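*Asks:* Shown below is the structure under consideration.
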């Protein structure tokens, strides 16, 4: 008679074989980077042989996400005095960046487990009435099984998960550029509004001096009271304009504070002058830079690769999965010794089960779905190329327009307008021109001065948006905006 302990040892040996099979199912060592990856061409009846599929593994350091600059922080109500400080605060606290970073962590975690085998199953059956055998009574049996899917399918799912995670990392970098461009745009808009307020206040003082001259002429009988009323009306219009500017500043300030994750009423101060860049690039140069640096392109390309691996996953879903099992039957030693059987011996068995994918329509539809998603991803990438091509041309044209407009205002229009106003002021004092003509000159000067500062702001905003579209801060010469020509 064989001792029951020897049977337990045998069963433990079977379990170790199953565990070793699970460990051996892990795939070959992963590649170190996407850039140096080899290409494979999984069979697909719906795609040409030119559609290559990159193999990738997930490496935090290679994805370029700045983990140290993304953290959860409470609102910090303090005054920010420089654009660089505002940008850094936005990168540290913007909730969209925090969200994308956490989505990236979730996707990267998925890529590390998606290719693993399912957990083994352990079960036990207890017989209500023991099964009586010649070797003894069997009161229960213990079963252990391990399902092994098609290993190539697990590898394909891992590749798809890696590319999806890297696409999210590219989304993070693209959002980072959008946040920076939004902060810069808001900063330059605040500069324009502050200049509009400053110019309006200066023109308010000028108008008050004109009203004083009109009052003096009314006192001497050389002008009518209508001149004073006209000047007072213009002064009221300036007050209305100032109210509008202050409301606009509050709205823009609140938007910038939203990007920075600060309280909406936090005061943001801007300098008297801002650095501007005259656009020296061509649309072709900017587009080439965007092709190499724009994270939106990288995200779309990575998702295209992910959908290509999705086709491979769908194709390999037709492959069967195998289940290995081991069964152990504890047997009582409750029979007389027999020369024919080993009384009390605990029998065990090994089993193999295989799934049979018989529903051809199901798996064909699964592969069709993955293929159409891949084609749609290709179309999205091409649409993205076309959109950025048009966007770069539009932004560059706007930047050049704003630059030329600012130069025209500074060198020609504003000096002429100031000279005209000064001449008509002197003529009005001498009684040779009417007061309404002086007021019209004043209106023209105010409009032109506001237009000059708006052109400067448009130039700075266009350059900020060009940098976002190009995917990087292009190194160009910086020139400080000169003050508008004085009288």
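*Asks:* Given R₀ = 25 Å, what would the calculated FRET efficiency be for residue 386 paired with residue 96, taking r from the Cβ atoms and rounding to 0.05?
*Replies:* That pair, residue 386 with residue 96, gives E of 0.45.
*Asks:* I need the fraction of alpha carbon pairs in region 339-487 separated by more than 22 Å, rounded to a whole percent.
*Replies:* Roughly 69 percent, rounded to a whole number.
*Asks:* Please list the equivalent ellipsoid semi-axes of region 243-313, computed as the square roots of five times the alpha-carbon gyration tensor eigenvalues, in descending order and whole angstrom.
*Replies:* Result for region 243-313: semi-axes of 40, 23, 9 Å.
*Asks:* May I pose another question? Determine how many Å³ per residue the convex hull of the Cα atoms of region 139-220 encloses.
*Replies:* Convex hull volume per residue, Cα atoms: 159 Å³.
*Asks:* Mind giving me the nanometre distance, one decimal, between the label points for residue 258 and residue 113, set 7 Å out from Cα along Cα→Cβ?
*Replies:* Taking the two extended label points, one gets 3.7 nm.
*Asks:* Need one word for region 261-356: rounded, prolate or oblate. Basis is the Cα gyration tensor (sqrt eigenvalues a ≥ b ≥ c); a/c below 1.5 gives rounded, then a/b vs b/c decides.
*Replies:* Prolate, because a/c is 1.5 or more and a/b exceeds b/c.
*Asks:* Please report the Cα spread of region 197-255 along all three principal axes, rounded to whole Å, starting with the longest.
*Replies:* So the extents along the principal axes, rounded to whole Å, are 54, 16, 9.
*Asks:* Give me the one-decimal Kirkwood hydrodynamic radius in Å for region 183-323, with the sum taken over alpha-carbon pairs.
*Replies:* Value: 21.5 Å, from the Cα pair sum.
*Asks:* Follow-up question, since we're still on this one. Work out, step by step, the length gained on full extension between residue 334 and residue 208: first 0.36 nm times the residue separation, then minus their alpha carbon distance; give nm to one decimal.
*Replies:* Taking residue 334 through residue 208 to full extension adds about 33.4 nm, to one decimal.
*Asks:* Now, a different point. Estimate the FRET efficiency between residue 124 and residue 400 by the formula 1/(1 + (r/R0)^6), using the beta-carbon distance for r and 51 Å for R0, to the nearest 0.05.
*Replies:* It comes to 0.05.
*Asks:* For the pair residue 139 and residue 416, how long in nm is the line joining their label points, each one 7 Å along Cα→Cβ?
*Replies:* Rounded to a tenth, the inter-label distance reads 11.1 nm.
*Asks:* Residue 215 to residue 232: extension gain in nm, 0.36 nm per residue of separation minus the Cα-Cα distance?
*Replies:* This chain segment gains 5.0 nm when fully extended.
*Asks:* In nm, what is the difference between 0.36 nm times the number of residues separating residue 321 and residue 447 and their Cα-Cα distance?
*Replies:* Full extension of this stretch gives 37.7 nm more.
Values quoted throughout were computed directly from the atomic coordinates according to the rules given, and no laboratory measurement underlies them. Quick caveat, the model's predicted, so the values are computed rather than measured. As a convention, Cβ positions derive from the backbone with ideal geometry for all residues, glycine included, and neighbour counts pool all protein chains shown.
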